[in-house]
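A quick write-up on the structure given underneath.
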Amino acid sequence: MDERLKRLADFLNETIEYFLKKVEGIDRDRYFADRDIRYILDKCINDIILCIVDIAEECLKTRGRSIPTTYRDTILATYEFVGEIALKVAPLVKHRNELVHQYLKINWQNIVVVKNKINDILKFKNAVLKSCSEK
């Protein structure tokens, strides 16, 4: 396996573990009230989504494919290699963009959606790793 891909997979695992620990017991009211928790959770989601995009890019590079210009399209471009899981993960980019670009809008729903998609994120990572190791 490519060393960069391994580092990305390890980072994703660590960040998901940290995110799940920090989000445990947090509800909408606490998220709104506690700026530190809000910052930590938002940053974790940003890191998770960007890491997924980086993993997708590595998959495409390994296959000699060009990298699309948007994050969503980059993840979707892996469909040929990882199948349906790419379709489940690609929409998460929207939630990352909302967190990052709408500074004054606090959106708990983005946290909930990403938290509920952690299994899909891990399946995507594993599918990419498997695809790249079979190449």
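Values in this text are rule-based calculations from the coordinates and carry no lab data. If you're wondering where the values come from, they're calculated on a predicted model, not measured in any experiment. Glycine also receives a Cβ, built like all others from the backbone with ideal geometry; neighbour counts cover every protein chain displayed.
Using only DSSP helix segments of four residues or longer, with each worth -39500 (n - 2.57), what per-residue ellipticity at 222 nm results for the chain after dividing by its residue count and rounding to 500?
-24000 deg cm²/dmol
What distance in nm lies between label points placed 7 Å from Cα along the C-beta direction at Glu134 and Asn46?
So the two model labels end up 3.6 nm from each other.
Round to the nearest 10 and give me the degree value, 0 to 90, for the angle of helix 118-134's Cα axis relative to the longest principal axis of the chain.
It is inclined by approximately 20 degrees.
Would you mind counting up the charge near Leu8? Only other residues with Cβ under 14 Å from its Cβ, with Lys and Arg at +1 and Asp and Glu at -1.
-3
Say each of Tyr39 and Lys6 gets a label point 7 Å from the Cα, pointing the same way as Cα to Cβ; how far apart are those two points in nm?
With each label placed 7 Å out from Cα toward Cβ, I get 3.5 nm.
What value does the range 3-134 have for Rg/Rh, both radii from Cα atoms and Rh as Kirkwood defines it?
A ratio of 0.99.
What is the Å³ per residue value for the convex hull set by the Cα atoms of the range 29-76?
Taking only Cα atoms, the range 29-76 has a hull volume of 69 Å³ per residue.
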